[in-house]
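Enquirer: After the structure tokens below, expect a handful of questions from me.
The values are calculated or read from the model by the stated rules, or taken from the named source; none is laboratory data. Please read all numbers here as calculations on a predicted model, not as lab measurements. Reconstructed Cβ throughout: ideal geometry from the backbone, glycine too, with neighbour counts over all protein chains shown.
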Amino acid sequence: MANAHSNDKYYIPHSSPWPLLGSVSLFVLMAGAALTVDGSPMGSSVLGAGFLLLFALLFFWFRTVVNENQAGTYNLGVDQSFRMAMRWFIFSEVMFFAAFFGALFYVRELALPWLSGTGAKHLAGDLLWPQFGGGWPTNGPQALGPKGDSSTFETIPALGVPLLNTLLLLSSGVTITIAHHALRAGKRGVLKLSLAATFILGFIFVYFQGSEYHHAYTELGLTLGTGIYGSTFFMLTGFHGLHVTIGAIMLLVIWLRVMSGHFTPERHFAFEAVAWYWHFVDVVWLGLYIFVYWM
Amino acid sequence: MAHADTHAAHDHDHDHKPSGIGRWLFATNHKDIGTLYLLFALLMFFIGGAMALAIRAELYKPGLQFFDPGFYNSLLTSHALVMIFGAVMPAFVGLANWMIPLQIGAPDMALPRMNNYSFWILPFAFTLLLSSFFTAGGGPAGGWTLYPPLSLQAGDSFPLTIFAIHMMGASSIMGAINVIVTIMNMRAPGMTLLKLPLFCWTWLITAYLLIAVMPVLAGAVTMLLTDHYFGTSFFNPAGGGDPVMFQHIFWFFGHPEVYILILPAFGIVSEIIPTFARKPLFGYDAMVYATASIAFLSFIVWAHHMFTVGMPLAGEMFFMLSTMLIAIPTGVKVFNWTATMWKGSMTFEPPMLFALAFLFLFTIGGFSGLMLAIAPADFQYQDTYFVVAHFHYVLVPGAVFAIMAAVYYWLPKWTGHMYNMRLANWHFWVSTVSVNVLFFPQHFLGLAGMPRRIPDYSTQFTDWNMVSSVGGFVFGFSQILFVILIWQCVRGGAKATDKVWDGLSHGLEWTVPSPAPYHSFDTPPEVH
């Protein structure tokens, strides 16, 4: 099979400083975070430097990759590798959320019944807090008021803003599909509009989520410290909100690339990767809506 | 799967190596990155080993000799983290980097820059982890399992440990994605999945496990972090949480993790035994399916680490029985390795010696694992030295011996030189005798009731602890022979042939020259 073009068989990227600098930026970021939570006076500046370095790194690394791609150096094999890698990355994200959903289910199905004196391990409740009822939502036995109830906070009703947010995200799932079809059909105008609609819907979602948090903290008495309900609620919705934010920024970058004339009807891996990511964020939200807000 | 469809010309000179320090800092070559991983793992093996020797020195006799109990606990915790995440896992990733492209007929890993990223995260992660020794309150001391509430009582080392684990996790996930994509997308034409060398198969399944469970560990330690600093109540019953829940989440990661530490070892042994028995591997398909079965079972056995924590009886029963099921696919493997040697023309070069020691000694660890799987008996063994003996048998003469076997098997292919066989034999015999002197008495100590994770002990345990410590020091210092041997082999030695081992050395890695060319295969080789 050896021939004059044997080097075309495979693509090997040239060496790059970005992986090493990526490790340095991650190190500064993590050390800054550790110093911050330990209460060190220089913590926040190291943390800020870490974020700046990481953002700069991401910008330059992605710029290198985009430029190489635009120069036509990536063959179909590389494209396939990128696709597989993105799918497995999304699977790892699914497992990250699974840990928090698992915590929610474990607490509601096992730990709280035991704490309230029912089930196989009822002794925990019988001995520690016999008056604890263990209903959901709860902030745990520590907050038992004089009447033995723990309803010192209110939750966000599922039919209000969360339902609106569900509609927003589902609509954004439709608009990105329209954008994808338009890209494949070569209709750049529809592509630009519906892709813009997608990230705008995403940012509106983030805005509503932020205002809900504000509402919860200032009026409902629902905070990260509100027992196990507050813990699961804010960690699940918070990590989801972070992923929506990242996804919306990714969509924005893709939109800017579309505006610069990138992507062809046949080759548009980055668009598809971001679309997969967006659908993943969408599906996680449906899980949140059902298990956190509704049930 | 060849990338036959290409439309760009590159002017790569495939024999040109980048020069200077940049070759290593900005590496994209799978062999260079593999070398970095292996050297890093070796360094961590000695750092973790020094901690182990400090522990064995303290335990040489009862009473407190050298350290206060807090520092002892830090040594113990860091020893585990360094050996698991710093030595064994990076060593396997290093071997994967070197060997997978060579074994599947690819020029390199699929994602070379991410490959370099996943390596370079590690030195920084361990700098973060080990720097915690110099913070107020000393290093992490709650055990590598980080059980709350104990782990939450740590000093300033706590967030450093958590964030170091996050970095190690990110590195592992990237490494695992790279392995899967390389194997699924870069195989030479004709190499169907059931022609894949077993080292690649076991690594493929290991990579699936890594991607599935490292994010769960990230979730667990994130909950610890927010419980400590941000007022959440995941593991605090007063807020409606449950400390036992941490153990469930941790071991949902932790049990697949222990197979992450052993499955590539199975692959290595499955490569070596056929070569030196001069027979094809007995039951190749069964080996693949057994590996997959072990991986599947690893997700449904986690609570056997917590039999004494107070689970409902149904939980004890389920996890006891599912754990015992693992003996079936593992038994298939041991049977097949043995059957491979049946009536073979055996020779006993260093890789084969280490593989055989693996076979015997890993099986001892497997059997003590079966004893621990019996829930009522485990109530006696839990948190004793019997557990320490069990997991050190599967990890040291198990995983670590397999890594050494792999180095002895492939080192001539990497360097182009044969190594000093006499020195290798010395290394093998001193290591194998001393590792048993080190760990076998710990079975007796555990059955007699000596608790683990404690710097002092009752005087009736003195004799076997002394024996164990002597074994530990001999084992530790005998590893210097390994370093000398590698150093000599890199520097020079008899020229290695392409096949290196005359017997039935099988697989694509033996079709290229020794040392292997910088980019392993310019064009995809044909596999029949």
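Enquirer: Check B:T232, B:T202 and return the single one that is under 26 Å from A:W114 (Cα atoms), crowded, with 23+ Cβ neighbours inside 10 Å and hydroxyl-bearing (S, T, Y).
Expert: Just one listed residue meets the conditions, B:T232.
Enquirer: So B:P107 ticks every box in (1) part of a helix (DSSP H, G or I); (2) of a type outside the set (V, I, T); (3) crowded, with 24+ Cβ neighbours inside 10 Å but one. Which box is left unticked?
Expert: (1)
Enquirer: Restricting to the stretch B:223-281, and then to whatever is of a type in the set (A, V, I, L, M) and under 18 Å from B:T161 (Cβ atoms), can you tell me which residue is farthest from the other protein chains (Cβ to nearest Cβ)?
Expert: If we take residues in the stretch B:223-281 being of a type in the set (A, V, I, L, M) and under 18 Å from B:T161 (Cβ atoms), then B:L224 is farthest from the other protein chains (Cβ to nearest Cβ).
Enquirer: Can you tell me which residues in the stretch A:220-241 are hydrophobic (A, V, I, L, M, F, W, C) and within 12 Å of chain B (Cβ to nearest Cβ)?
Expert: Going residue by residue through the stretch A:220-241, those that are hydrophobic (A, V, I, L, M, F, W, C) are A:220, A:222, A:224, A:228, A:233-236, A:239.
Those that are hydrophobic (A, V, I, L, M, F, W, C) and within 12 Å of chain B (Cβ to nearest Cβ): A:L224, A:I228, A:F233, A:F234, A:M235, A:L236, A:F239.
Enquirer: Confirm whether A:T198 is modelled with pLDDT of 95 or more and hydroxyl-bearing (S, T, Y). Spell out the reasoning first.
Expert: On the way: modelled with pLDDT of 95 or more: yes; hydroxyl-bearing (S, T, Y): yes.
Yes; evaluated as a whole, the condition is true for this residue.
Enquirer: Another question about this same structure. Applying the selection to the stretch B:210-234, what residues are more than 26 Å from B:Y259 (Cβ to Cβ) and of a type outside the set (S, T, N, Q)?
Expert: Selection gives B:L225, B:D227, B:H228, B:Y229, B:F230, B:G231, B:F234.
Enquirer: What are the residues in the stretch A:111-125 that are modelled with pLDDT of 90 or more, more than 9 Å from chain B (Cβ to nearest Cβ) and outside any loop (DSSP other than H, G, I, E, B), if any?
Expert: Listed by number, the list holds a single entry, A:P113.
Enquirer: Moving on. Could you figure out which of (1) part of a loop (DSSP other than H, G, I, E, B); (2) closer than 27 Å to B:H427 by Cα; (3) hydroxyl-bearing (S, T, Y) isn't true of B:S469?
Expert: (1)
Enquirer: Just to be sure I understand the filter: pairs with C-beta atoms under 7 Å, separated by 6 or more residues or on different chains, first member in the stretch B:499-527 and in contact (Cβ under 8 Å) with a residue 60 or more places away in the chain and among the hydrophobic types (A, V, I, L, M, F, W, C), second member in a helix (DSSP H, G or I) and surrounded by fewer than 21 Cβ atoms within 10 Å (Cβ to Cβ). Which pairs pass?
Expert: Every condition considered, the pairs that remain are B:V500/B:W510; B:V527/B:K195.
Enquirer: For B:L146, which of the numbered conditions (1) more than 8 Å from chain A (Cβ to nearest Cβ); (2) in a helix (DSSP H, G or I) fails to hold?
Expert: Unmet for B:L146, out of (1) more than 8 Å from chain A (Cβ to nearest Cβ); (2) in a helix (DSSP H, G or I): (2).
Enquirer: How about the stretch B:186-219: which of its residues are at the interface with chain A (Cβ under 7 Å from one of its Cβ atoms) and free of Cβ contacts under 8 Å to residues at least 40 places away in the same chain?
Expert: Of everything in the stretch B:186-219, those that are at the interface with chain A (Cβ under 7 Å from one of its Cβ atoms) and free of Cβ contacts under 8 Å to residues at least 40 places away in the same chain turn out to be B:I211, B:V216, B:G219.
Enquirer: OK, next. Which of (1) surrounded by fewer than 22 Cβ atoms within 10 Å (Cβ to Cβ); (2) touching a residue at least 40 places away in the same chain (Cβ under 8 Å); (3) more than 24 Å from the chain's Cα centre (by Cα) is the odd one out, the single condition B:T226 does not satisfy?
Expert: Every condition holds for B:T226 apart from (2).
Each row is one residue, and each column tells you yes or no for (1) farther than 28 Å from B:G493 by Cβ; (2) at pLDDT 95 or above.
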residue	(1), (2)
B:T347	no, no
B:A357	no, yes
B:I374	yes, yes
B:V394	yes, yes
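Enquirer: How many residues are crowded, with 24+ Cβ neighbours inside 10 Å and not β-branched (V, I, T) when one looks only at the stretch B:238-249?
Expert: Count: 5.
Enquirer: I've got another one for you. Test A:G140 against the stated conditions and say whether it is more than 8 Å from chain B (Cβ to nearest Cβ), crowded, with 20+ Cβ neighbours inside 10 Å and at positive phi.
Expert: Against the criterion (more than 8 Å from chain B (Cβ to nearest Cβ), crowded, with 20+ Cβ neighbours inside 10 Å and at positive phi), A:G140 does not qualify.
Enquirer: Check off (1) at the interface with chain A (Cβ under 8 Å from one of its Cβ atoms); (2) under 24 Å from the mean Cα position of the chain (by Cα); (3) aliphatic (A, V, I, L, M) for B:A141 and give me the number that stays unchecked.
Expert: Only one criterion in (1) at the interface with chain A (Cβ under 8 Å from one of its Cβ atoms); (2) under 24 Å from the mean Cα position of the chain (by Cα); (3) aliphatic (A, V, I, L, M) is unmet by B:A141, namely (1).
Enquirer: If you don't mind, another one. For the structure I just gave you, tell me whether A:L169 is crowded, with 19+ Cβ neighbours inside 10 Å and either under 23 Å from B:A238 (Cβ atoms) or in the same structural domain as A:I254 (by TED's automatic domain parsing) (or both).
Expert: yes
Enquirer: Looking at B:G493, is it assigned to a loop (DSSP other than H, G, I, E, B), touching a helix residue (DSSP H, G or I) at 6+ places or on another chain (Cβ under 6 Å) and at pLDDT below 95? Reasoning before the result, please.
Expert: On the way: assigned to a loop (DSSP other than H, G, I, E, B): yes; touching a helix residue (DSSP H, G or I) at 6+ places or on another chain (Cβ under 6 Å): no; at pLDDT below 95: yes.
In short, no.
Enquirer: Which count do you get for residues in the stretch B:310-326 that are modelled with pLDDT under 95 and more than 14 Å from every other protein chain (Cβ to nearest Cβ)?
Expert: Of the residues in that region, 0 qualify.
Enquirer: Another question, if that's okay. Looking only at the stretch B:512-528, how many residues end up being of a type outside the set (D, E) and either in contact with a Leu (Cβ under 9 Å, 6 or more places away or on another chain) or more than 17 Å from B:G416 (Cβ to Cβ) (or both)?
Expert: Residues that pass the stated criteria total 9.
Enquirer: Okay, next question. Go through the stretch B:115-138 residue by residue and tally those that are within 10 Å of another protein chain (Cβ to nearest Cβ) and surrounded by 21 or more Cβ atoms within 10 Å (Cβ to Cβ).
Expert: Residues flagged as within 10 Å of another protein chain (Cβ to nearest Cβ) and surrounded by 21 or more Cβ atoms within 10 Å (Cβ to Cβ) within the stretch B:115-138 amount to 12.
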